[in-house]
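Everything on this sheet refers to the single structure shown next.
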Amino acid sequence: MSTLLIKNAKLRYEEGLKDILIENGKFKEIAKAISEKPGTEVIDAAGSLVTPPIVDPHVHLDAVLVSGLLTRKNETGTLLEAIDIWSDWKVGLTKKMLKENARRVIDWYIANGVLRVRTHADCTDPTLLTVESLLEFKEDVKDLIDIQVVAFPQNGILTDPQNIDLLKKSIEMGVDVIGGAPHIEYTREDGVKDVEMVYDLAEKHDKLIDIHIDETGDPHSRFVEVMAKESINRNMGERSTASHTTAMHNYNNDYAYKLIGNIAKAKLNMITNPFDNAVLQNRMDGYPRKRGLTRVDEMLARGINVSIGHDSIMDPWYSMGKGSMVQAAFLLLHMGQLNGATQVQQLFDMITHSSAKTMNLDDYGIKEGNTADMVIFDAKTEDDIIRLQSECTHVIRKGKVICRTTPAKRQLEYDTGKHVDFKI
Ligand code: FE2
């Protein structure tokens, strides 16, 4: 029987420090003081914040790390040029390359405390190589990280007659989630059909929904209203997610107010992707230039489940990124003006519990009986983790430490003796 005891853990929303006993990969006991038995590995958290694993509910693992390899770079920095570059690039993509890149990123995620990921897989390629590769990859790494795969029609469902069959084939292959891309379709009418088709398929096959939707600065892109309607009529909101919705930033306030009310009524999950949407949207503005993000503060204020996605990691859409959701939260704090005291706490929810809710995860959280997945941060508060983008000193998966990080040590040379191991 393997046992691990974490001493002096600061848990979110709890007074004082707790000990956490793990047996056979499960949380056995969480109490004020638990005495260690012989053979138990003990880690002293020394008052550091201990949290459930960080979650990324929106990434494209099929495209990660290709930005440095591209012969044609994204010069305009727009979404449409990125899609164009990707369409050329994916012709030469191999399963080996895709899995190697995804694996490298999974190692980065683990170092950053991320143990739950929802990835999109482009299913508009006739070979369905990305779907097949990511479904295999999910199994390859299941001891390290939990992955959901979305069938994502990158080029739309109705722009090519074969796309609907490819989407259906992906469902047969075993994807967890069905996606759409209504703002990519040729007409408003086709965009509405795109959303309706996704709901029909999800209802028929009992799948979750996650649609790339209104990912544009165009205020006339109004497809999330269709998702709200379908979710209300079919009672599928909690199993459905609207990703991006950046056009909402540019809607008039009367329309946005009504829409946000319907999203709340539908119980739709919403994902914002601060890295990509900070650089891809509202590119046509000139100056003054609006932000490219959806209305996060207004949705949070009305009780909607909003979470944060990384979206891209070094691909044609976004050439930066290191798999850190804390960094994404830091960016959203600034871009979305979410620096109110309660909002900073909500930002941390948005990379943990809110994202777990979006992914419909039940075995999640530091609770007796749950799988013992958790992270010890090199900080004592959520504010400090976001401010400093703190390291995860220990990442624990099924009761075993799978990554240890020693934070950088600094010494002030001008005041040696007083400030040894100086910390910011
Ligand atoms: Fe995306």
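The numbers here are math on the coordinates, done by the rules we state, and not lab data. The structure presented is a predicted model; accordingly, all values stated were derived computationally and were not measured. With ideal geometry, Cβ positions are generated from the backbone for all residues, glycine too; neighbour counts draw on all protein chains shown.
Using a simple charge model, +1 on the beta-carbon of Lys and Arg, -1 on the beta-carbon of Asp and Glu, nothing else, what dipole does the range 1-138 show about its Cα centre, in debye to the nearest 20? Can you show the working numbers first?
Numbers: 19 positive and 20 negative charges, 64 e Å.
I would put it at about 300 debye.
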inquiry  = In whole Hz and in residue order, list the ³J(HN,Hα) couplings for the range 214-230 that follow from phi through the Karplus curve 6.51 cos²θ - 1.76 cosθ + 1.60, θ = phi - 60°; x for Gly and Pro.
reply    = 6, 8, 6, x, 6, x, 8, 7, 10, 8, 5, 5, 6, 4, 4, 4, 5
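I'd like the GluC sites (Glu not before Pro) in the range 18-79 restricted to DSSP loop residues with at most 16 other Cβ atoms within 10 Å, sorted by number. Please list the in-between numbers first.
On the way: sites: 23, 29, 36, 41, 75; in loops: 36, 75.
Of the GluC sites (Glu not before Pro), the ones in loops of the range 18-79 whose Cβ has at most 16 other Cβ atoms within 10 Å are 36, 75.
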message = List the lysines whose Cα sits under 28 Å from the Cα of residue 90, skipping any in the same chain fewer than 8 residues away.
response = 73, 99, 138, 142, 168, 169, 193, 207, 322
query = Rounded, prolate or oblate: which one fits the range 269-424, using the alpha carbon gyration tensor with axes a ≥ b ≥ c (rounded when a/c is under 1.5, else prolate when a/b beats b/c, else oblate)?
reply = oblate
inquiry  = For Cα pairs less than 8 Å apart in space and 6+ apart in sequence, what is the mean separation divided by the residue count of the range 54-358, i.e. the relative contact order in percent?
reply    = 20 percent
key: Principal axis dimensions, the range 238-295 - Cα atoms, whole angstrom, descending   = 37, 26, 11
inquiry  = Run the simple label-point estimate for residue 284 and residue 189 please: 7 Å along Cα→C-beta, distance reported in nm.
reply    = 2.3 nm
key: Cα-only Debye scattering, the range 1-81: base-10 log of I(q)/I(0) at q = 0.19, 0.21 Å⁻¹   = -0.84, -0.98
inquiry  = Angle check, please: helix 253-266 long axis (alpha carbons) against the longest principal axis of the chain (alpha carbons), in degrees 0 to 90, nearest 10.
reply    = 70 degrees
message = Suppose a student asked you for the relative contact order of the range 71-151, using Cα pairs under 8 Å spaced at least 6 residues apart; what percent would you report?
response = 29 percent
request  = List every residue whose amide H lies under 5 Å from the amide H of residue 148, counting only residues 5 or more places away in sequence or on a different chain, with H placed 1.01 Å from N in the peptide plane.
outcome  = 117, 118, 119
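Which value in deg cm²/dmol, rounded to the nearest 500, describes the helix-derived mean residue ellipticity at 222 nm for the chain, given -39,500 (n - 2.57) per DSSP H run of n ≥ 4 and division by the residue count?
Numbers: 13 runs with 141 residues, N = 424.
That calculation yields -10000 deg cm²/dmol at 222 nm.
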In Hz, Karplus ³J(HN,Hα) per residue of the range 184-200 (6.51, -1.76, 1.60; θ = phi - 60°; x = Gly, Pro) = 8, 4, 5, 9, 4, 4, 5, x, 5, 4, 3, 5, 4, 4, 5, 5, 4
task = Taking the chain as the reference, fit the longest principal axis to its C-alpha atoms, fit the long axis of helix 325-335 to the helix C-alpha atoms, and give the angle between the two in degrees, 0 to 90, nearest 10.
result = 60 degrees
note = Relative to the chain, whose Cα atoms define the longest principal axis, helix 79-89 and its Cα axis are tilted in degrees, nearest 10, by 90 degrees
query = Counting only Cα, what are the radius of gyration and maximum Cα-Cα distance Dmax of the chain, in Å?
reply = 21.8, 72
ask   = In nanometres, what is the gap between the two model label sites at residue 368 and residue 75, each 7 Å from Cα along Cα-to-Cβ?
value = 6.5 nm
